[in-house]
């Protein structure tokens, strides 16, 4: 599903960026994927996807 129509960014692209690069903030994610650079309507959905993927990444302190 497209999250950002202006830049043709899909939810899969956002999920892959979070999994591969593990950004710690939306600001870091936006450096990897050009979301919210035009109209900004995608930011809310992108944040939801970002938070879902962040929750799946194991916390290194819990694993150790």
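Bear in mind these aren't lab numbers, they're just calculated from the coordinates by the rules spelled out. These numbers come from a predicted model, not from an experiment. Reconstructed Cβ throughout: ideal geometry from the backbone, glycine too, with neighbour counts over all protein chains shown.
Tabulated data for the structure shown
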| read-out | value |
| --- | --- |
| Contour excess over end-to-end distance, with Cα ends at residue 43 and residue 6 and 0.36 nm allotted per residue | 12.1 nm |
| 16 Å reach of a label modelled at residue 57, 7 Å along Cα-to-Cβ, counting backbone N of the range 1-36 | 13-33 |
| Binned Cα-Cα distances of the chain, short to long, each 5 Å bin given as a whole percent | 4, 19, 32, 22, 12, 5, 3, 2, 0 |
